[in-house]
Amino acid sequence: MADFLTDKPSNLQRAFLVGVQTAEMADGEGAELLSELKELVENLRIEVARSTLVHLRRPNPALLLGSGKAEELVALARADGADVIVFDEALSPAQQRNWEELSGLAVIDRQEVILEIFADRAHTREAILQVALARMEYSLPRLTRAWTHLSRQRGKGALGGEGETQLEQDRRIVRDRIAHLKAELKKVVSQRDVQRRKRQRVPVPTCAIVGYTNAGKSTLLNKLTGARVLVVDKLFATLDPTTRQLVLRGNQKLLVTDTVGFIRRLPHGLVEAFKATLEETIVADFLIHVIDVTNPNFEHHHATTLAVLEELGAADRTMVTVFNKLDAATPAMVQRARRLAPDALLVSAHTGEGLESLEARCLELIAEKHQATELLVPHGRYDVIARMHAVGHIQSQEQEDGAVRLRGRYPAAQAAFFEPFVVR
């Protein structure tokens, strides 16, 4: 699981989890986040020996917690046979180092757990590069953890001792890798931009499915489009954006993109690294925000998704809020959903219930962006009819003497092409 950058054992088996509840957090929020951390750690196939929640008045610069509480937790972790202590709170490099010296165990935080999960799930070249970049940038200030055993060899000369020299060499290696990864990622993103521009030459409307991880986004994409995107009940199952075509009523086409799931306390480095993947949310005509109505914390999930979209610069996108998993919801869950978002749609991607309403809403949003018009197309210009089918939405089509009368909508960008056939 680890490499020379962090100097942690690679065969971590049992974890001791530490959650934090501060005065600034809502009641019970620390416990909810700790429960989420447990699921994250188990996704790495590490057994959770114990989870404990600590109430923190003010953070300690050296250990985050007080020294007495730290020693108590270390004793519990050792008694439980844990080989790694996992904090739900972000640890500074110095705090991480101090905890490892105090406990003699590997110590990681929520950010590192998420990075490891992303590394485990990345499959396409772009996702692999993005994860590698985020891990390198996370590891750079923590390199000293790997060389504490050389600290006694440091000298007082201009170059210092062997440990310091080795540390500087590793920092150069990591900085070089970061520069190389950024260059490679730039090439991959450029290639995807070319593919996107090809799609935009035939300007089919686009939407992106966003939401908290494990809300059922991939299942919804599969049900709508007949795609076969991977669907499993675990966090971050989908890391790479998948675009499929949905054909709505009147042969109106819509490109639908499934995106990576969001999560509370997503490491900032990952938000930056995954902006290329999440660019699909920025360029989409509108967003479908999927929320798991059966999750007891869906209000927090809703807020987290909106916060990440804000950070991505996509908060101004038109959005359809969809509560998923209606087939498993109780009346009380539905009532809570109505309070949070009165205009939201309730659907079941599993059974298909409510999807007609979602498709109808998509058609309404497309219509708002397309010009309504009536065309009279001569029989010899079937290319015009074909273009209307490809980029627009035909509501009706009637044969007349020497021409075809079309009623429908098309994108404003296509106005110049259709102008000669518009009925005034």
Sort 112-121, 20-29 for me by packing, meaning the mean count of neighbouring Cβ atoms within 10 Å per residue, highest on top.
-> 112-121, 20-29
Ala227-Leu44 FRET efficiency (beta carbon distance; Förster radius 25 Å; 0.05 resolution) | 0.35
If you add up the charges near Met319, with Lys and Arg at +1 and Asp and Glu at -1, over every other residue whose beta carbon is less than 13 angstrom from its beta carbon, what do you get?
-> -2
Relative contact order for the range 1-106: what is it in percent, counting Cα pairs under 8 Å that are at least 6 residues apart?
-> 34 percent
Relative contact order (percent) for the range 371-421, with alpha-carbon contacts under 8 angstrom and 6 or more residues of separation?
-> 46 percent
Please work out the Cα center distance from the range 358-424 to the range 19-91, rounded to the nearest Å.
-> 60 Å
Out of the DSSP beta bridges found with both residues in the range 14-121, what percent are antiparallel (nearest 5)?
-> 5 percent
At 0.36 nm per residue, minus the direct Cα-Cα distance, what do His123 and Glu311 gain on full extension? Give it in nm, one decimal, please.
-> 65.2 nm
Simple spin-label estimate for Ala390 and Ala79 in nanometres, 7 Å along Cα-Cβ = 7.2 nm
Rounded to whole Å and ordered largest first, report the semi-axes of the equivalent ellipsoid of the range 14-121 derived from its Cα gyration tensor (root of 5λ).
-> 19, 17, 13
Label-point separation in nm, Ser67 to Tyr382, each point 7 Å along Cα→Cβ | 8.7 nm
Gain in length, Ala90 to Ala31, computed as 0.36 nm per residue apart minus the alpha-carbon separation, to one decimal in nm?
-> 19.6 nm
Rounded to the nearest 0.05, what FRET efficiency do Glu299 and Arg361 give with R0 = 30 Å and r taken as the Cβ-Cβ distance? Could you check?
-> 0.85
Shape of the range 371-421 from its Cα gyration tensor (a ≥ b ≥ c, root eigenvalues): rounded if a/c is under 1.5, otherwise prolate when a/b > b/c, or oblate?
-> prolate
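Bear in mind that the values in this text are calculations on the coordinates, not laboratory data. The model shown is predicted, which means the values in this text are computed figures rather than measured ones. Cβ coordinates were reconstructed from backbone atoms using ideal geometry, including for glycine residues, and neighbour counts include every protein chain displayed.
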